[in-house]
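Q: What follows is a structure written as structure tokens; I'll ask about it next.
Nothing in this text is a laboratory measurement; each read-out follows from the coordinates by a stated rule. Computed from a prediction, not measured in an experiment: that's the story for all the values here. Ideal geometry is used to build each Cβ from the backbone, glycine not excepted, and the neighbour counts take in all protein chains shown.
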Amino acid sequence: MSDIFHGINGCLNFPMSMSCPSVILNSLTHQDFVPRSLSLLDAAGRFVELAKLQAWSAAQVAAFRADVKYAVLLLDRRVAEAPSTLRNEMRSVATLASEMMSYGRR
């Protein structure tokens, strides 16, 4: 995995058989994880922020990567307001991610 995510040079370090991710779900809060993740994201990709600490604003993301669609998902609020629907949505996301990973291994 370290050879895939080496540096902030975008997908230049990805193995030839891999492409840049089109969606990133971020929950990492170290000061350089957001720009590193945004640098890895494919053109016109989607970045979903799950963290609250050191989360970037939409304006910061647009200034760094204007082509990226950005959203913040506050899971703690969703858990408090609608835990059963969130559980089903997260299961759907996990299933889709698993299917996408299996497809990429073929």
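Q: Using modelled amide H (1.01 Å from N, peptide plane; none on Pro or chain starts), what sits under 5 Å from the amide H of residue 24, excluding residues fewer than 5 places away?
A: Amide H neighbours of residue 24: 46, 47, 48.
Q: Sort 37, 84 so the one with the fewest other Cβ atoms within 10 Å of its own Cβ comes first.
A: Details: 37 19, 84 7.
So the ranking, lowest neighbour count to highest, is 84, 37.
Q: Got a sec? Which residues in region 38-56 would a label at residue 22 touch, if it sits 7 Å along Cα→Cβ and we count backbone N under 11 Å?
A: Correct set: 42-46.
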